[in-house]
Structures are given as structure tokens and as C-alpha cells.
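Report on the structure given below.
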Amino acid sequence: DVKVTQSSRYLVKRTGEKVFLECVQDMDHENMFWYRQDPGLGLRLIYFSYDVKMKEKGDIPEGYSVSREKKERFSLILESASTNQTSMYLCASSLAGAAKNIQYFGAGTRLSVL
Amino acid sequence: EDQVTQSPEALRLQEGESSSLNCSYTVSGLRGLFWYRQDPGKGPEFLFTLYSAGEEKEKERLKATLTKKESFLHITAPKPEDSATYLCAVQASVTPQSTTDSWGKLQFGAGTQVVVTP
């Protein structure tokens, strides 16, 4: 079974704090993704990575950065958390190649910024 | 711009009452359409991928179908454990100029929340 593990289920942070969300996958997947999920808006892609140290912006990258130093680990960084970043954050991974683009998701991190 | 619209937003069913969820999409060339199930407080769980119009896939009480403009997820004789939010996502065909062909961006709909009561 594919396993995508997010380090925290719930986080409460204060405005202006630097926040790290960690994600680890155990299936040797090349691609990893960070989404945020808000009611009525669906999942929106923040950043993705298709290889170690490689990253691409998604649809809503502003206020976020990412780090991928090892193939299995993909970190999302909120440089200075703001209240509008309160959301559910989901990490996903997939194999490279058009026929294998099924994305497998972690359980999510619910972040509250006060 | 690729768009995915799911309807209805919410659906309440009696146990055994079959129904269908709709996912309509506009995309410049469809590579694949994905259905996921999401339970409260959890991440989405993959259900099906459909690649071409006319294709159908089944899993227990769920059946997904695909046309050129929409997909349906049919729930036959649902049980309370089928209660969840069902998400639809499309993957567009990439242009030859794209340098990120292998990673497969998904465009998600907002989901349909299904509640099945005993």
C-alpha cells in the first residue's frame, strides 16, 4: 500500500510565525504535491516537485515555499503565517509518466493561524 | 482555462436509494478523469480513473461513466458507509511545448457531499 504521511494532523500558529509542514512517502514516487482545501473551493495546487531539489509553482504559490532535499520528503513552508492561510493542507505523491499519474494523498494537516 | 463543476453540492439519501453524482468539465483535451472519496478529516482516497468517452468502471456499489463533457458516479443501493465527499478531477493533455509532461496536474471540482441514512 502507498503511504503518504503528514507529520501533524492539527497545528495552531500565530500570525507572523514561520510554519513547516512535513510530508513523507514510502513508495519511491518521483512527484510530490502540496494542496490546500477550503470549503466550496476544492483542492488547489500550491507547489509540486518532480524530482529532488526541483519544484514548480502551482496555482496559488504566494506566501508559500517548498523544499525537497530527499526523494521521499517534501516540505511546505509558510514564511510568515497569516490568518488567510488557515486551511486544510494535503500532501500527495505519484509516479512519473502519463499512465501512472494517480495521486495518493496523506491524511491532511488542519492549520489554524490566529 | 480548465474547469470542473460537480453537482449537486450535497445529497442526502436513504439507505438503498440509488442516485448519481455529476462532474462536468471543460478541458483542452482530456488525458484522464479521476474520482476520489474523502471521509471527514481524512485525505482523498483514489477510486477510479477514466480515459475515454464510453468507458465505465465499477467498484462495489459505485460505477463511474464518462462522456465527452461529463462523468457520472452512480451509487447503487447505498449504505451508510458510503457517506463521504466525492471529488472529481481532470487531467488535461499537455502540449508538445510543455516541459512538465510527466507530473500530471489535476484540476479538482469542489466535491459532492453524500449522506446516507439508515
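Mind listing whichever residues of region A:28-42 are within 9 Å of chain B (Cβ to nearest Cβ), of a type outside the set (Phe, Trp, Tyr) and free of Cβ contacts under 8 Å to residues at least 60 places away in the same chain? Lay out the reasoning, then the answer.
Kept after step one, since they are within 9 Å of chain B (Cβ to nearest Cβ), are these residues of region A:28-42: A:30-31, A:33, A:35, A:37, A:39-42.
Pick out the ones that are also of a type outside the set (Phe, Trp, Tyr) and you get A:30-31, A:37, A:39-42.
Across region A:28-42, the qualifying residues are A:PRO39, A:GLY40, A:LEU41, A:GLY42.
For beta carbons closer than 8 Å, sequence separation of 6+ or different chains, a first residue in region B:25-42 that is among the β-branched types (Val, Ile, Thr) and a second that is surrounded by fewer than 13 Cβ atoms within 10 Å (Cβ to Cβ) and outside any strand (DSSP E or B), the qualifying pairs are B:THR26/B:LYS69.
Restricting region A:20-52 to residues that are charged (D, E, K, R) and over 10 Å from the mean Cα position of the chain (by Cα) leaves a set whose member that is surrounded by the fewest Cβ atoms within 10 Å (Cβ to Cβ) is A:ASP28. If the condition is being open to solvent by 90 Å² or more (accessible area, probe 1.4 Å) and either in contact with a Pro (Cβ under 6 Å, 6 or more places away or on another chain) or part of a strand (DSSP E or B) (or both), then region A:1-19 contributes A:TYR10, A:VAL12. If the condition is being open to solvent by less than 80 Å² (accessible area, probe 1.4 Å) and either touching a Lys or Arg at 6+ places or on another chain (Cβ under 8 Å) or among the hydrophobic types (A, V, I, L, M, F, W, C) (or both), then region B:1-15 contributes B:VAL4, B:ALA10, B:LEU11, B:LEU13.
The values are calculated or read from the model by the stated rules, or taken from the named source; none is laboratory data. In this text, all values refer to a predicted model and were calculated from it rather than measured experimentally. As a convention, Cβ positions derive from the backbone with ideal geometry for all residues, glycine included, and neighbour counts pool all protein chains shown. With ligands, DNA and RNA removed, areas are computed over all heavy atoms of the protein, side chains included. Shrake-Rupley method; radii C 1.70, N 1.55, O 1.52, S 1.80 Å.
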